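The values are calculated or read from the model by the stated rules, or taken from the named source; none is laboratory data. Bear in mind that the values here come from a model prediction, so they are computed numbers and not experimental data. Note: ideal-geometry Cβ built from the backbone for every residue, glycine included; neighbour counts use all protein chains shown. Calculation scope for accessible area: heavy atoms of the full protein, side chains included, ligands and nucleic acids excluded. Shrake-Rupley method; radii C 1.70, N 1.55, O 1.52, S 1.80 Å.
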There are 4 protein chains.
Amino acid sequence: MPDKTTQPSMDQFIETLAPLHIYPLWKQEGLLIRRPTTEAVPYLWPYGPVRERLMEAGRLISAEEAERRVLILKNPGLNGKPAATARLYAGLQLVLPHEIAPAHYHSASAIRFVVEGSGAFTAVDGERLIMQPGDLVLTPAWSVHDHGNETDTPMIWLDGLDLPLVNGLECSFFQPLDTKAQKLTRSDDESERQYAYGQLRPSWVNWTKNYSPLAKYPWNATERILLDALKDGVAGSPTDGILFEYSNPITGGSVLPTMACYAQLLPPKFHSDAHRHTTSAVYHVVRGSGTTIMDGQRIEWNERDTFALPGWAVHEHINNASEPAMLFSFTDDPALKALGFYQEQSENKQG
Amino acid sequence: MPDKTTQPSMDQFIETLAPLHIYPLWKQEGLLIRRPTTEAVPYLWPYGPVRERLMEAGRLISAEEAERRVLILKNPGLNGKPAATARLYAGLQLVLPHEIAPAHYHSASAIRFVVEGSGAFTAVDGERLIMQPGDLVLTPAWSVHDHGNETDTPMIWLDGLDLPLVNGLECSFFQPLDTKAQKLTRSDDESERQYAYGQLRPSWVNWTKNYSPLAKYPWNATERILLDALKDGVAGSPTDGILFEYSNPITGGSVLPTMACYAQLLPPKFHSDAHRHTTSAVYHVVRGSGTTIMDGQRIEWNERDTFALPGWAVHEHINNASEPAMLFSFTDDPALKALGFYQEQSENKQG
Amino acid sequence: MPDKTTQPSMDQFIETLAPLHIYPLWKQEGLLIRRPTTEAVPYLWPYGPVRERLMEAGRLISAEEAERRVLILKNPGLNGKPAATARLYAGLQLVLPHEIAPAHYHSASAIRFVVEGSGAFTAVDGERLIMQPGDLVLTPAWSVHDHGNETDTPMIWLDGLDLPLVNGLECSFFQPLDTKAQKLTRSDDESERQYAYGQLRPSWVNWTKNYSPLAKYPWNATERILLDALKDGVAGSPTDGILFEYSNPITGGSVLPTMACYAQLLPPKFHSDAHRHTTSAVYHVVRGSGTTIMDGQRIEWNERDTFALPGWAVHEHINNASEPAMLFSFTDDPALKALGFYQEQSENKQG
Amino acid sequence: MPDKTTQPSMDQFIETLAPLHIYPLWKQEGLLIRRPTTEAVPYLWPYGPVRERLMEAGRLISAEEAERRVLILKNPGLNGKPAATARLYAGLQLVLPHEIAPAHYHSASAIRFVVEGSGAFTAVDGERLIMQPGDLVLTPAWSVHDHGNETDTPMIWLDGLDLPLVNGLECSFFQPLDTKAQKLTRSDDESERQYAYGQLRPSWVNWTKNYSPLAKYPWNATERILLDALKDGVAGSPTDGILFEYSNPITGGSVLPTMACYAQLLPPKFHSDAHRHTTSAVYHVVRGSGTTIMDGQRIEWNERDTFALPGWAVHEHINNASEPAMLFSFTDDPALKALGFYQEQSENKQG
């Protein structure tokens, strides 16, 4: 029983704890949080002005530094942290004609989604992927990768990485390759030819890595699938319309262990149901225009814009146009699901 | 110590066991077998004469019985058992113009590989698959299926089933559907459009069945992959050349839980290494000609022929022509692997 | 349309097929079977008379042949086939004092359940398991095993193997070891000490085999669990009472890839619901007595009796006594489940 | 080519980016980090003085607030963050006689390891676990749990949670139960009786949760396994000695999706090899004394002390005594492994 006459004051008691590096739970704030909160906010980066700055950076940054000629999309709520959502990094990169980046590898996983230009390559694990607008290219954790633009036109792509996750969990490794470019051991786009059309697994390949052996998912096939589903009258998902996940042909799972990628079609006059989930996402508009309402805030989007959906934000998608709208997105689904942290909740529509 | 004077004779002893339904292990033969043995033999069914009989069957068998207008390929070593190898059934089926088969389902898994004709359909679980030569169609265990030929030309396909396995393990169920044809709930070839091109998983489908959601694997995509790999100079497997396994896009595994399907290209002047495995296979020649040596026996094969590889037979494939040869095959790999019964062994070449 | 005037007779037609080893499906019987049928029948081998014959075999069979001093329990319906059910082999083995069996390995999986005697050993993969009544010992596929009785009393155990499955699928390999006894590399019962008490995994062991690393499941722990569950008032399963599956601590799955083992307690006055499943089982009575009705046939069982449940037989268990009854059983569950062949159905009680 | 005469200065350029919330990668620091770095430091909390403060807290904190009478072990390097390592929380809790905590649940996973006292309970998902010193109790994510001390002596335990991970990933949910105590639906320690002794799975339980169904791992069984392995002369792991992982009997994997627990014995005169891994750990000394060198810093530990191993710290364990030392530890292994973030490296010994 507490004896009020002899007990020291709480403050005196707490002072005695500091030297031992212990602290009273009953004074500790922010430990058991009731609902997910994030400082990240819903936000859209319009393509026009960002592209203008990127082209200007092309003039400012020399070819030698070209591999770092990226504009990071920083979520306004995250106090300057280089992140689009709490766990996802996004950036727009410009590669000018005849620029070559040196090869490196790191423990962060990355994706590239091509916005402009045609014919530059990313090389991954000995294979060059020739890129066209809308193509998705994977540069998975620990894979050796570099890129080059041997064409006469600039190339712009969206970079997506799990860097806030990797760095937040203190698991970052990074290593430049000794030689500038990696050794090519496969034909250009060989994995695409082996895996991308049809569902056939090369029996002589014993793939045990934790990411997809298919390094490039071409947009032409993706768009056809979206339009075929629309034509078939597929209802899709009430919250996301016709939503396909890019998948690892060896496991059927997500393309990377920490990030999932999606191609999505919102049919004309589609207004999705609202929901929220712990996972966050970065969306890029490939075709059309529309509106996404996130935590009550309307974000109007147009072709080539990029926008961020924070975790646990209530959201719904609207396409008021008479043409289908198409979105690419990458998310942290696989990371949160692997930890048992995925939660989802239906909500009332906001718009 | 046995006391020789008082002991009964062994024969007397054994007589006393019969009423109890027990039997001495030391008298039992064929219990612990040293190496796999099979009565099945290497065998080839040439297309020409079999097709002739099949067309004759078209005249003998009425449209009402058309669903059973199949010639079973019986392995000569198996004493009349309806099986091409100890665990695989194969048959050639003819469907004449305007014939319709009633719907049914069963616990045996089946595949169809189209040999002749174009445009007839197999309907599986509410979806019609329109068939072209070389297409692979799955009618998995417990799926409702029927077929019909609404074209003006006959259609011939190769049926492959795990019936010897299902029946040998006493697990056969069979049920006709109450109505003649099943209800169609999807567009024609919808699963092909959703799964076959590119590697995208429809996120609104929660597929939990133990077989591929992709009901048809079209030949045109398959042949392109085979030829692309040849063009890429892919070495493939020493024992099988350029061998692709048709795969389940949801799991990356075999298309059916008991049978695997393969598309294979033997490059010009290719002579494979020899090996043996416990699994058995039925091969069908799609393009070209060549030789397979099995347990020392040379089998020469030409387009549209079908041949059987018994389990544990030493075998090697030879393509002496200047054109690539292409083989389709189905095997019992997944069944034996699931039980831990798969064994493989390198052998010396026989030819 | 068949032209009746010119067509050959069906019999003439069929005659032309034989040389080609093809056969008309429409004449083939027993191909698509409506419901599982088995020739195996429900049957019980009473311990008393079988033991008597076994002891007599001890006098007839010399120590040199002791490894084969087994009486096979043959299901009366299976025409002399060495099998207790269509897919399971069972036998009772006697090992006399000071007998030693030579080491061998095979592709069949085996279990031993000790019926009488105490202190003999089975050695598996370098470890000797000292056996007491009720202990379950695994001798998995491809594991090297032998046994010996260094005590002064005879030892009797029940052998269970998947031999009908292995042989039926033509996947049998068998090999004696060059030396009579295998080299011992671990302490006696080491795996039991590491795995059997508590749920702790030795982190320095990288176990990748497809069977349990725990080679012996001692009866004293098993019985305690059964009695604890009874005391806890656990309802268990309506069809099986308090039924525990012996499990592989590395995967949580069955102890062997083709066979599952169970320990079961039927509470006093328990009458289970009736059901049927495609899997078959061999039961051995460890404690008490009771009745199992199988396909309408009442089998009364007492301590140490063994009885067979054929696949798809409707069955229910009854314990009319005031003491709990305990059954050990082994089944082909994992094999049929791995192939997708497991089916189960509720039925009306028969007794 | 950059035109030096007309281009704006870099600073001017960067100023134009702020309104768009974009930022140049080439100016961004701390993005692609070469090797894991952590601010957490190796640190030991000696039991004696911490216990003293805890007993004092017992006088200061009323029974009503007892559920929060915990002293958080704060890593000195983490600037006051309530965490023992970057991803693990640890605290010591005192529960006085006759205190009862209200029930709640949360998305963080927790473990308890009993340090002092005997007979108090933690109730989890309807089952009370009666606790003895050395027992490990799981209160997994989303499980309803409370505790109470119905004995006459105080109870002290070590709490371990993945709170820094859950909060860092913004996935925290927390909910008090409406009623003070949860409804008990099982007998006390029922899961222990069902799962802890032997390896038997209750077949009537269909467990699909992502954590172990065994809520308490008793110390007496754990200690016996450690001592048996020592007696067997098991070499164990060069870096960790005789290290057992507490495992989930349903999957063989870690007890919780984000945290693993270990019981470890360092034999007399044992000096482990040195290594480092990305995962971090909190150790608690159950028996004996010894030294752990972490990043060159010698930490001497004695019974009931707790110490922190930061991620990627080089470390080795030494037991110079003639008695075995026993350590309990919990780590973030499963979280990092699930994300593909586990890396390990051998290092030279430091001591």
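Okay, here's what the table says:
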| read-out | value |
| --- | --- |
| Filter result for A:Ser254 (touching a residue at least 60 places away in the same chain (Cβ under 8 Å), more than 18 Å from B:Asn206 (Cα to Cα) and crowded, with 22+ Cβ neighbours inside 10 Å) | no |
| Residue match in region B:331-343 (condition: surrounded by 23 or more Cβ atoms within 10 Å (Cβ to Cβ), free of Cβ contacts under 8 Å to residues at least 60 places away in the same chain and aromatic (Phe, Trp, Tyr)) | no |
| Filtered residues of region B:112-128 (kept if touching a His at 6+ places or on another chain (Cβ under 8 Å), among the small types (Gly, Ala, Ser) and part of a loop (DSSP other than H, G, I, E, B)) | B:Ala120 |
| Residues (more than 21 Å from A:Arg186 (Cα to Cα) and more than 7 Å from chain A (Cβ to nearest Cβ)) located in region B:236-261 | B:Thr239, B:Asn248, B:Gly253, B:Ser254, B:Val255, B:Leu256, B:Pro257, B:Thr258, B:Met259, B:Ala260, B:Cys261 |
| Only listed residue being among the aliphatic types (A, V, I, L, M), touching a residue at least 12 places away in the same chain (Cβ under 8 Å), surrounded by 23 or more Cβ atoms within 10 Å (Cβ to Cβ) and within 14 Å of another protein chain (Cβ to nearest Cβ), chosen from A:Leu169, A:Leu129, A:Leu165 | A:Leu165 |
| Test: residue in region A:136-153 that is assigned to a loop (DSSP other than H, G, I, E, B), buried (at least 21 other Cβ atoms within 10 Å of the Cβ) and in contact with a strand residue (DSSP E or B) (Cβ under 6 Å, 6 or more places away or on another chain) | yes |
| Which listed residue, of C:Arg51, C:Arg68, C:Arg59, C:Arg34, is among the basic types (Lys, Arg), open to solvent by 40 Å² or more (accessible area, probe 1.4 Å) and either more than 8 Å from every other protein chain (Cβ to nearest Cβ) or at positive phi (or both) | C:Arg51 |
| When residues of region B:82-110 are limited to those that are closer than 20 Å to C:Asp11 by Cα and touching a Lys or Arg at 6+ places or on another chain (Cβ under 7 Å), the one most open to solvent (accessible area, probe 1.4 Å) | B:Pro82 |
| Flag for B:Gln12 being surrounded by fewer than 22 Cβ atoms within 10 Å (Cβ to Cβ) and either within 20 Å of B:Gly117 (Cα to Cα) or more than 9 Å from chain C (Cβ to nearest Cβ) (or both) | yes |
| The listed residue being at pLDDT 95 or above and out of contact with any Cys (no Cβ under 9 Å at 6 or more places or on another chain), out of D:Ala235, D:Ala281 | D:Ala281 |
| Members of region B:265-299 that are farther than 19 Å from B:Ser346 by Cβ, touching an Asp or Glu at 6+ places or on another chain (Cβ under 8 Å) and buried (at least 24 other Cβ atoms within 10 Å of the Cβ) | B:His284 |
| Region A:206-235 - residue that is at the interface with another protein chain (Cβ under 7 Å from one of its Cβ atoms) and in contact (Cβ under 8 Å) with a residue 12 or more places away in the chain and, of those, farthest from A:Pro133 (Cα to Cα) | A:Asn210 |
| The one condition in (1) touching a residue at least 24 places away in the same chain (Cβ under 8 Å); (2) buried (at least 24 other Cβ atoms within 10 Å of the Cβ) that D:Glu39 fails to fulfil | (2) |
| Filter result (assigned to a strand (DSSP E or B) and either farther than 20 Å from B:Glu245 by Cβ or among the acidic types (Asp, Glu) (or both)) within region B:284-318 | B:Gly290, B:Thr291, B:Ile293, B:Met294, B:Gln297, B:Arg298, B:Ile299, B:Glu300, B:Trp301, B:Glu316, B:Ile318 |
| Within region B:288-318, considering residues that are under 17 Å from B:Glu223 (Cβ atoms) and touching a residue at least 60 places away in the same chain (Cβ under 8 Å), the one farthest from the other protein chains (Cβ to nearest Cβ) | B:Glu303 |
| Top-ranked residue of region D:210-235 - restricted to ones that are of a type in the set (Gly, Ala, Ser) and surrounded by 24 or more Cβ atoms within 10 Å (Cβ to Cβ), ranked as nearest to D:Glu192 (Cα to Cα) | D:Ala215 |
| Output for region A:58-91, where each listed residue is out of contact with any Pro (no Cβ under 9 Å at 6 or more places or on another chain) and more than 20 Å from A:Val114 (Cβ to Cβ) | A:Ala63, A:Glu64, A:Glu65, A:Pro76, A:Asn79, A:Gly80 |
| Residues located in region A:173-189, provided they are among the hydroxyl-bearing types (Ser, Thr, Tyr), out of contact with any Gly (no Cβ under 7 Å at 6 or more places or on another chain) and farther than 11 Å from A:Leu129 by Cα | A:Thr179 |
| Candidates B:Leu60, B:Leu32, filtered to the one that is aliphatic (A, V, I, L, M), at pLDDT below 95 and touching a His at 6+ places or on another chain (Cβ under 9 Å) | B:Leu32 |
| Cross-chain or 6+ apart pairs with Cβ under 8 Å, region C:100-120 first and under 24 Å from C:Asn210 (Cα atoms), then of a type in the set (D, E, K, R) and open to solvent by 30 Å² or more (accessible area, probe 1.4 Å) | C:Ala103/C:Lys180 |
| Extreme residue, farthest from A:Glu170 (Cα to Cα), among residues of region D:91-110 that are at the interface with another protein chain (Cβ under 10 Å from one of its Cβ atoms) and in contact with an Asp or Glu (Cβ under 9 Å, 6 or more places away or on another chain) | D:His104 |
| Test result for C:Ile61, among the hydrophobic types (A, V, I, L, M, F, W, C) and without any contact (Cβ under 8 Å) to a residue 12 or more places away in the chain | yes |
| Filter result for B:Arg193 (within 27 Å of A:Asp189 (Cβ to Cβ), free of Cβ contacts under 8 Å to residues at least 24 places away in the same chain, open to solvent by 40 Å² or more (accessible area, probe 1.4 Å) and among the charged types (D, E, K, R)) | yes |
| Yes/no for C:Pro249 being farther than 19 Å from C:Ala321 by Cβ, at pLDDT below 95 and buried (at least 21 other Cβ atoms within 10 Å of the Cβ) | yes |
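Residue-by-condition table, conditions (1) over 16 Å from the mean Cα position of the chain (by Cα); (2) under 28 Å from A:Glu303 (Cβ atoms):
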{"residue": "A:Phe113", "(1), (2)": "no, yes"}
{"residue": "A:Gly117", "(1), (2)": "yes, yes"}
{"residue": "A:Ser143", "(1), (2)": "yes, no"}
{"residue": "A:His147", "(1), (2)": "yes, yes"}
{"residue": "A:Trp157", "(1), (2)": "no, yes"}
{"residue": "A:Asp162", "(1), (2)": "no, yes"}
{"residue": "A:Arg186", "(1), (2)": "yes, no"}
